[in-house]
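J.: First the structure, then my questions, so here it is.
The values are calculated or read from the model by the stated rules, or taken from the named source; none is laboratory data. All values derive from a computational prediction rather than experimental measurement. Cβ: placed from backbone, ideal geometry, glycine included. Neighbour counts: every protein chain shown. The area values use the complete protein model at the heavy-atom level, side chains included, leaving out ligands, DNA and RNA. Shrake-Rupley method; radii C 1.70, N 1.55, O 1.52, S 1.80 Å.
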Amino acid sequence: MSIAAPFDAPTLIACKRDGHRLPDAGIDWLISGYTSGVVAEEQMSALLMAIYLRGMDEHENARWTQAVLASGERLDFSAVPRPTVGKHSTGGVGDKITLPLIAAVAACGAAVPSASGRGLGHTGGTLDKMESIAGFSAALSGTRVRDQLSEIGAAIFSAGQLAPADVKLYALRDITGTVESLPLVAASVMSKKLAEGTDALVLDVKVGSGAFMKGLDDARELARRMVALGTAQGVATRALITDMGVPLGCTVGNAIEVAEALEVLAGGGPPDVVALTVRLAHEMLALTGIDDADPTQALRDGTAMDRFTAMVRAQGGDLSQPLPLGSCTETVTADRGGFMGDIDAMAVAQAAWRLGAGRSRPGERVQHGAGVRIHRRPGEPVAAGQTLFTLYTDTPERTGAALAALDGGFAIGDTPPLPRPLIIETSP
Ligand code: URA
């Protein structure tokens, strides 16, 4: 199908609806028109749904990513006296890894700018988590990010400045049922991460019930496409495919996840969170050529914690203030003894979201103190009557729906479930 300029949205929407490839210049026109308001929200919603249903081939995907990247500035860290490396997860449940990870990598000598987003769909967002720290601000200019990277080695800032088209698309996907689209996830992640301007990039591609990619084939294809997009732009890019069938760690929410990240930074924390943090840190350090540093040691000896507290302080946050915790609690107890089976990440995510940890309308304020604490991890022995989950919220009328979401999301068995590998594959 041949479509030429001058373009219009209805023709391009129909082109994708009917399963054709969008023309390169048409993609550029759509993204720039949507960013400036010429392409209406209704039109972009229809196009996103057409892409969700019809997909985009690799060429279209690369052009779309390029156009989203071109909607904003690309940071320049050539003046930062350390190698720079980014990390991004495709979205998980209980995924607080960025917090200890960037601090550990900074403590090992690299600089990590983390352009982050808010919760998307059922998954949590690093910005929502960090903003549960009193006073913390993610609104940093490019110059502030650069200075902070030179001095501390880590910064968490709003991705909004970098790829403005992605901010609008991200919010629109969230309310139009179009989040779980492989090409749209690839473009969203890579436009932001390429705009970050790092030398290297490690991607944590999640797979399983709590991920946007439910099956391994899709996760592999997403990883392959993103690595190709990064490599084509001269960024050393590597991807890990990791399990998101069960939540990471023992907490799902905002402040409650920050508290768990602080445990990891203090040398403790759940083994899966520590293991994934350390593995990703090794991957990031390897890409930057730093091979004589030990992120495990940085977590144990407090140097990662020092970086984290310095970063939070530099961004106005006050870790001496207590983190918020929902004032109303509800518990789920075991109706029999045995072993905790696998806990469905999606069920826990839905419960946390219903308690107020996520949004149901764009721009809605999240409850920073809402969330779910998991007391028994898969495989742990359970006694009848023992507390399995604690639910926190400031709005008790939400607990019924949260309990319903958890119902059926776990089981107690006579034997422990088979151990699940946390790291499933690494890209070449
Ligand atoms: N993270 C992003 O930045 N975008 C997505 O679409 C999914 C995860």
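J.: Identify, from the list ALA171, ALA159, the residue that is modelled with pLDDT under 90, within 12 Å of the ligand (Cβ to nearest atom) and more than 14 Å from the chain's Cα centre (by Cα). Even if it seems obvious, please write down each step before you answer.
T.: Values: ALA159 fails: more than 14 Å from the chain's Cα centre (by Cα).
One residue alone meets the criteria, ALA171.
J.: Pick out, from the stretch 47-134, the helices (runs of 4 or more DSSP H) lying fully within it that include 2 or more residues that are open to solvent by 30 Å² or more (accessible area, probe 1.4 Å) and touching a residue at least 12 places away in the same chain (Cβ under 8 Å).
T.: 58-69
J.: Here's another thing I want to ask about it. Starting from residues that are among the small types (Gly, Ala, Ser) and in a helix (DSSP H, G or I), keep the ones in the stretch 243-264 and report whichever is farthest from ARG420 (Cα to Cα).
T.: Start the filter on the stretch 243-264 by keeping residues that are among the small types (Gly, Ala, Ser), which leaves 245, 249, 253, 255, 259, 261.
Filter once more, so that each one left must be in a helix (DSSP H, G or I): 255, 259, 261.
Details: ALA255: 27, ALA259: 25, ALA261: 22 Å.
Looking at residues that are among the small types (Gly, Ala, Ser) and in a helix (DSSP H, G or I), I get ALA255.
J.: Inside the stretch 179-222, can you point out the residues that are near the ligand (Cβ under 10 Å from one of its atoms) and among the polar types (S, T, N, Q)?
T.: Result: SER181, SER188, SER191.
J.: Looking at this structure, is VAL202 surrounded by 19 or more Cβ atoms within 10 Å (Cβ to Cβ) and closer than 25 Å to ALA310 by Cα?
T.: Details: surrounded by 19 or more Cβ atoms within 10 Å (Cβ to Cβ): yes; closer than 25 Å to ALA310 by Cα: yes.
Yes: the conditions hold for VAL202.
J.: Another question, then. List the strands (runs of 3 or more DSSP E) that sit entirely inside the stretch 330-428 and contain at least 1 residues that are touching a residue at least 24 places away in the same chain (Cβ under 8 Å) and within 19 Å of GLY121 (Cβ to Cβ).
T.: Values: elements: 338-340, 371-374, 387-393, 423-426.
It comes to 371-374.
J.: From the list LEU240, LEU287, pick out the single residue that is surrounded by fewer than 23 Cβ atoms within 10 Å (Cβ to Cβ), within 22 Å of the chain's Cα centre (by Cα) and assigned to a strand (DSSP E or B). Break it down into steps so the answer makes sense when it comes.
T.: Values: LEU287 fails: assigned to a strand (DSSP E or B).
Going through LEU240, LEU287 in turn, just one is surrounded by fewer than 23 Cβ atoms within 10 Å (Cβ to Cβ), within 22 Å of the chain's Cα centre (by Cα) and assigned to a strand (DSSP E or B): LEU240.
J.: Of the numbered conditions (1) within 15 Å of the ligand (Cβ to nearest atom); (2) over 18 Å from the mean Cα position of the chain (by Cα), LEU265 satisfies every one except a single condition; which is it?
T.: Unmet for LEU265, out of (1) within 15 Å of the ligand (Cβ to nearest atom); (2) over 18 Å from the mean Cα position of the chain (by Cα): (1).
J.: Still on this structure, I have one more. Out of the residues in the stretch 370-415 meeting the condition of being open to solvent by less than 30 Å² (accessible area, probe 1.4 Å) and of a type in the set (Ser, Thr, Tyr), tell me which one is nearest to LEU248 (Cα to Cα). I'd like the intermediate steps shown before the answer.
T.: Initially, the stretch 370-415 is screened for residues open to solvent by less than 30 Å² (accessible area, probe 1.4 Å), giving 370-372, 374, 379, 382, 388-393, 399, 402, 405-406, 409, 412-413.
Subsequent filtering for residues that are of a type in the set (Ser, Thr, Tyr) retains 390, 392-393, 399.
On the way: THR390: 16, TYR392: 18, THR393: 20, THR399: 22 Å.
The selected residue is THR390.
J.: So which of ALA223, ALA200 is assigned by the TED database to the domain that holds VAL179, within 25 Å of ARG420 (Cα to Cα), small (Gly, Ala, Ser) and at pLDDT 95 or above? Quick ask: steps written out before the conclusion?
T.: Numbers: ALA200 fails: within 25 Å of ARG420 (Cα to Cα).
Among ALA223, ALA200, only ALA223 is assigned by the TED database to the domain that holds VAL179, within 25 Å of ARG420 (Cα to Cα), small (Gly, Ala, Ser) and at pLDDT 95 or above.
J.: Take the stretch 296-345 and flag every residue that is among the basic types (Lys, Arg) and under 26 Å from ALA281 (Cβ atoms). Let's see the steps before the verdict.
T.: Pass one, the stretch 296-345, residues among the basic types (Lys, Arg): 300, 307, 313, 336.
ARG300, ARG307, ARG313 - these are the residues of the stretch 296-345 that are among the basic types (Lys, Arg) and under 26 Å from ALA281 (Cβ atoms).
J.: Identify all residues within the stretch 204-237 that are within 21 Å of ALA405 (Cβ to Cβ) and assigned to a strand (DSSP E or B); write none if there are none. Give the steps one after another, and end with the answer.
T.: Of the stretch 204-237, the ones within 21 Å of ALA405 (Cβ to Cβ) are 206, 208-212, 214.
Answer for the stretch 204-237, where residues must be within 21 Å of ALA405 (Cβ to Cβ) and assigned to a strand (DSSP E or B): just LYS206.
J.: Right, ARG146: farther than 27 Å from GLU263 by Cβ, among the basic types (Lys, Arg) and modelled with pLDDT of 95 or more or not? Spell out the reasoning first.
T.: Details: farther than 27 Å from GLU263 by Cβ: yes; among the basic types (Lys, Arg): yes; modelled with pLDDT of 95 or more: yes.
Yes; evaluated as a whole, the condition is true for this residue.
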